[in-house]
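J.: To start, I am sharing the structure in question, which I have written as structure tokens.
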Amino acid sequence: PGGCPSLCECLEAAKTVKCVNRNLTAVPPDLPPYVRNLFITGNRLARLPAGAFAAQRLPDLRALNLSGNHLRALEAGAFAALPALRQLDLSGNPLVSLSPQAFGEGGSPLEELALRGALRDHGVLLSLAAMLQSGALRNLSRLELAANRLLLLPAGMFTALPALRQLDLSNNSLVSLRNVSFQGLGQLQTLNLSDNSLGVLRNGTLAQFRSLPALRHIGLGRNAWVCDCAIEDLVAWLKESDQVEGKEALTCAYPDKMLGKALLKINGSDLNCSVPTDLPSQLQTSYVFLGIVLALIGAIFLLVLYLNRKGIKKWMHNIRDACRDHMEGYHYRYEINADPRLTNLSSNSDV
């Protein structure tokens, strides 16, 4: 006890242990109990099973860096035996399996979680969302999900993070935030959405930004803004809001005629919006006009029938007489066919 693993460097005064680039395949079992900051990086751990860390031996471990270890699986209970853990860095690991119970059943005191470049598998993203929604990490104040090639985020992913202050979603491929809810993030101060593929932010998202009292730093740089009529709400919000950092540098990416134009300098004449923005009102007006036209056609039809009522009556009588004569002919033929005498008479007659 109190010794240092042979492949690690221990600094007892700083309560730090570093096991860096040693080709380790498992967490060293003989870590000193005084450690508060543990760096196990650049190794080949592959998986982190339950009980990888012993609670009775690491009661003070607060910061754990496991970045770049080729980790593929985090099993249930992998971090459950770390009662003091506050900071965890799993960046740069090609995760394909993440148990929602990796921090145990009772939740975790974890405050900072870094997953930069570790969520390339969609199944792992869904597992992370399930873990966050379960409330296992309700104490998180900082969450880093940058550089994961994310296109869309699971709905309600952040709804159980009331203490979150910093959320980093930069350097992904996000194309929309329509299903993302920021409601309940009353402590959120910084939101980084730069280096994505966002073309527009809708009114619902902008309303959420306005409703967050602590949100003062929003990064939107280097996105593919589409400067058509749909961007009017975003432009109006940018002009009135002081939440966006470097908003003067935001420029249009599409269409070609607007390429490079600053969003803050866009006005209505630039967009040339020919379609009314109030589409429901437009549809309602069209339905009223259609009703009037149909009513007018019906009135004209009834007027024509009234003016030509005598001719229509004569035509109806002619049709009735023709139908009656036709039915009498059928009735006569039926009587002949039904009476054998009349049948023989008809066949022997020369007439």
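J.: Go through the stretch 28-58 residue by residue and tally those that are open to solvent by less than 60 Å² (accessible area, probe 1.4 Å) and more than 37 Å from the chain's Cα centre (by Cα).
T.: Matching residues across the stretch 28-58 total 9.
J.: Just to be sure, is ALA207 in contact (Cβ under 8 Å) with a residue 12 or more places away in the chain and in the same structural domain as GLN243 (by the TED database)?
T.: So ALA207 fails the test.
J.: Among (1) assigned to a loop (DSSP other than H, G, I, E, B); (2) touching a helix residue (DSSP H, G or I) at 6+ places or on another chain (Cβ under 9 Å), where does ALA163 come up short?
T.: Condition (2) is where ALA163 drops out.
J.: Looking only at the stretch 25-59, how many residues end up being out of contact with any Leu (no Cβ under 7 Å at 6 or more places or on another chain) and of a type in the set (Phe, Trp, Tyr)?
T.: Residues meeting the conditions: 2.
J.: What do you reckon, is CYS252 at pLDDT below 95, under 28 Å from the mean Cα position of the chain (by Cα) and not acidic (Asp, Glu)?
T.: no
J.: Consider the stretch 111-120. How many of its residues are assigned to a loop (DSSP other than H, G, I, E, B) and buried (at least 20 other Cβ atoms within 10 Å of the Cβ)?
T.: Matching residues across the stretch 111-120 total 4.
J.: If you go through the stretch 282-290 one residue at a time, do you hit one that is open to solvent by less than 100 Å² (accessible area, probe 1.4 Å), in a helix (DSSP H, G or I) and modelled with pLDDT of 80 or more?
T.: yes
J.: Further, regarding this structure: Among the residues of the stretch 71-90, count how many are basic (Lys, Arg) and over 11 Å from PRO109 (Cα atoms).
T.: Qualifying residue count for the region: 1.
J.: Can you tell me which residue within the stretch 197-220, out of those that are small (Gly, Ala, Ser) and open to solvent by 20 Å² or more (accessible area, probe 1.4 Å), is farthest from the chain's Cα centre (by Cα)?
T.: From the stretch 197-220, those small (Gly, Ala, Ser) are 197, 199, 204, 207, 211, 214, 219; that's our starting set.
Next, only the ones that are open to solvent by 20 Å² or more (accessible area, probe 1.4 Å) stay: 197, 204, 207, 211, 214.
On the way: SER197: 14, GLY204: 13, ALA207: 17, SER211: 20, ALA214: 24 Å.
Looking at residues that are small (Gly, Ala, Ser) and open to solvent by 20 Å² or more (accessible area, probe 1.4 Å), I get ALA214.
J.: Taking into account only those residues within the stretch 44-74 that are among the polar types (S, T, N, Q) and in contact (Cβ under 8 Å) with a residue 24 or more places away in the chain, which is nearest to LYS15 (Cα to Cα)? If you could, list the steps in order and put the result at the bottom.
T.: Initially, the stretch 44-74 is screened for residues among the polar types (S, T, N, Q), giving 56, 65, 67, 69.
Filter once more, keeping what is in contact (Cβ under 8 Å) with a residue 24 or more places away in the chain: 65, 67, 69.
Numbers: ASN65: 14, SER67: 20, ASN69: 22 Å.
Checking each candidate, the answer is ASN65.
J.: Which of (1) modelled with pLDDT of 95 or more; (2) over 22 Å from PHE79 (Cα atoms) is the odd one out, the single condition ALA155 does not satisfy?
T.: (1)
J.: Mind listing whichever residues of the stretch 46-75 are modelled with pLDDT under 95 and hydrophobic (A, V, I, L, M, F, W, C)?
T.: Those that are modelled with pLDDT under 95 and hydrophobic (A, V, I, L, M, F, W, C): ALA46, ALA50, ALA52, PHE53, ALA54, ALA55, LEU58.
Residue-wise test of (1) among the aliphatic types (A, V, I, L, M); (2) in contact with a Lys or Arg (Cβ under 7 Å, 6 or more places away or on another chain); (3) assigned by the TED database to the domain that holds LYS18; (4) open to solvent by 20 Å² or more (accessible area, probe 1.4 Å).
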position: ASP60; (1), (2), (3), (4): no, yes, yes, yes
position: ALA76; (1), (2), (3), (4): yes, no, yes, yes
position: PRO83; (1), (2), (3), (4): no, no, yes, yes
position: LEU90; (1), (2), (3), (4): yes, no, yes, no
position: PRO100; (1), (2), (3), (4): no, no, yes, yes
position: PRO109; (1), (2), (3), (4): no, yes, yes, yes
position: HIS122; (1), (2), (3), (4): no, no, yes, yes
position: ALA130; (1), (2), (3), (4): yes, no, yes, yes
position: ALA136; (1), (2), (3), (4): yes, no, yes, no
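J.: Residues in the stretch 159-173 that are surrounded by fewer than 21 Cβ atoms within 10 Å (Cβ to Cβ) and of a type in the set (A, V, I, L, M, F, W, C): how many?
T.: Number of matching residues: 2.
J.: Being in a loop (DSSP other than H, G, I, E, B) and either open to solvent by 10 Å² or more (accessible area, probe 1.4 Å) or more than 24 Å from ASP195 (Cβ to Cβ) (or both) is the filter here, so list the residues in the stretch 138-149 that pass it.
T.: Of all residues in the stretch 138-149, those in a loop (DSSP other than H, G, I, E, B) come to 138-141, 145-149.
The answer is ARG138, ASN139, SER141, ALA147, ARG149.
J.: Residues of the stretch 121-137 being touching a residue at least 24 places away in the same chain (Cβ under 8 Å) and assigned to a helix (DSSP H, G or I), which ones?
T.: Result: GLY123, VAL124, LEU125, LEU126, SER127, LEU128, ALA129, ALA130, MET131, LEU132, GLN133.
J.: Can you tell me which residue among LEU259, LEU271, LEU250, LEU238 is open to solvent by 50 Å² or more (accessible area, probe 1.4 Å) and either touching a His at 6+ places or on another chain (Cβ under 7 Å) or farther than 24 Å from PRO162 by Cβ (or both)?
T.: LEU259
The values are calculated or read from the model by the stated rules, or taken from the named source; none is laboratory data. Nothing here was measured: the structure is a model prediction, and the numbers come from that model. Please note: Cβ atoms are built from the backbone with ideal geometry, for glycine as well, and neighbour counts cover all protein chains shown. Note: accessible area is taken over every heavy atom of the protein model, side chains too, but ligands, DNA and RNA are not part of it. Shrake-Rupley method; radii C 1.70, N 1.55, O 1.52, S 1.80 Å.
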